[in-house]
Amino acid sequence: GGIITQTPKFLIGQEGQKLTLKCQQNFNHDTMYWYRQDSGKGLRLIYYSITENDLQKGDLSEGYDASREKKSSFSLTVTSAQKNEMAVFLCASSPWDNYAEQFFGPGTRLTVL
Amino acid sequence: GQQVQQSPASLVLQEGENAELQCNFSSTATQLQWFYQRPGGSLVSLLYNPSGTKHTGRLTSTTVTKERRSSLHISSSQITDSGTYFCASLQGTGSKLSFGKGAKLTVSP
């Protein structure tokens, strides 16, 4: 088994601030994902990384940057926080041979003041 | 358009009743997966069911690929089954999951 940890659990920032969310996994998975979940809604993909040196945009990448520092870690940066992007950000990972088998972290809840 | 559509959007049951959740997906969808999210919690995988019928505990999923649909049946629902159920699928040979909007299940005593 393995685990995905996300830090921080709660993130509070000011409008316009640059904020970074971190994700670590010990599954030894190649692929990692960042999703955004708005209250009561489904998940939208922000960025993903197939392998350690890969970075790909999802459907909602505008306003975000991502970095795959090493195989086990994947960071997401909100480049200029806006009030309308208050949401829960979920990190996930999957093995290279089954992208559908995704394991999720507990999430980071973002509040923008 | 929406790659994955779920119905109903919400369902209220009494404890002991059965729940049936539906998922319709596009023609290019593959590797269908059902996830569960407890209120305020993260997502956990329930069943990976690209085709046919799969069982685990009180859950049964049936995916008919030709008809582009999948169902999740929860038998004898319990209060702890309350939460949101998501259907998701890969698109073609890609590496991205497309999620439905979820089905919120509330089970009352």
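The values are calculated or read from the model by the stated rules, or taken from the named source; none is laboratory data. Keep in mind the model is a prediction, meaning the values are calculated, not measured. Quick reminder, even Gly has a Cβ in these numbers, built from the backbone with ideal geometry, and neighbours come from all protein chains shown. Quick note on the areas: whole protein, heavy atoms, side chains included, nothing else; ligands and nucleic acids left out. Shrake-Rupley method; radii C 1.70, N 1.55, O 1.52, S 1.80 Å.
Key figures
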{"read-out": "Verdict on A:THR79 being among the hydroxyl-bearing types (Ser, Thr, Tyr), open to solvent by less than 10 Å² (accessible area, probe 1.4 Å), modelled with pLDDT of 95 or more and over 19 Å from B:LEU90 (Cβ atoms)", "value": "no"}
{"read-out": "Qualifying residue in the stretch A:50-59 (condition: within 14 Å of chain B (Cβ to nearest Cβ), surrounded by fewer than 19 Cβ atoms within 10 Å (Cβ to Cβ), among the basic types (Lys, Arg) and closer than 30 Å to B:SER51 by Cβ)", "value": "no"}
{"read-out": "Pick from the stretch B:11-23, criterion open to solvent by less than 70 Å² (accessible area, probe 1.4 Å) and part of a strand (DSSP E or B), ranking: farthest from B:PHE99 (Cα to Cα)", "value": "B:LEU13"}
{"read-out": "Filter result for B:SER77 (away from chain A (no Cβ under 13 Å), surrounded by 16 or more Cβ atoms within 10 Å (Cβ to Cβ) and in a loop (DSSP other than H, G, I, E, B))", "value": "yes"}
{"read-out": "Of all residues in the stretch A:16-37 being more than 11 Å from chain B (Cβ to nearest Cβ) and outside any strand (DSSP E or B), the one that is most open to solvent (accessible area, probe 1.4 Å)", "value": "A:LYS18"}
{"read-out": "Failed item, numbered, when A:ALA100 is tested on (1) among the hydrophobic types (A, V, I, L, M, F, W, C); (2) in a loop (DSSP other than H, G, I, E, B); (3) out of contact with any Ser or Thr (no Cβ under 9 Å at 6 or more places or on another chain)", "value": "(3)"}
{"read-out": "Residue selected from the stretch A:65-97 under the condition in a loop (DSSP other than H, G, I, E, B) and away from chain B (no Cβ under 14 Å), by the criterion nearest to A:ASN26 (Cα to Cα)", "value": "A:SER72"}
{"read-out": "Any hit, the stretch A:13-23, residues being within 21 Å of B:LEU97 (Cα to Cα) and either of a type in the set (S, T, N, Q) or touching a Leu at 6+ places or on another chain (Cβ under 6 Å) (or both)", "value": "no"}
{"read-out": "Members of the stretch B:92-109 that are over 11 Å from B:PHE35 (Cβ atoms) and facing another protein chain (nearest Cβ under 10 Å)", "value": "B:THR93, B:GLY94, B:SER95, B:LYS96, B:SER98, B:LYS101, B:LYS104"}
{"read-out": "Of all residues making up the stretch B:40-61, the number that are within 18 Å of B:GLN78 (Cα to Cα), more than 10 Å from chain A (Cβ to nearest Cβ), open to solvent by 70 Å² or more (accessible area, probe 1.4 Å) and part of a strand (DSSP E or B)", "value": "1"}
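The rows are residues; the columns are (1) at positive phi; (2) polar (S, T, N, Q).
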| residue | (1), (2) |
| --- | --- |
| A:GLY40 | yes, no |
| A:GLU52 | no, no |
| A:LEU60 | no, no |
| A:ALA92 | no, no |
| A:ASP97 | no, no |
| A:THR111 | no, yes |
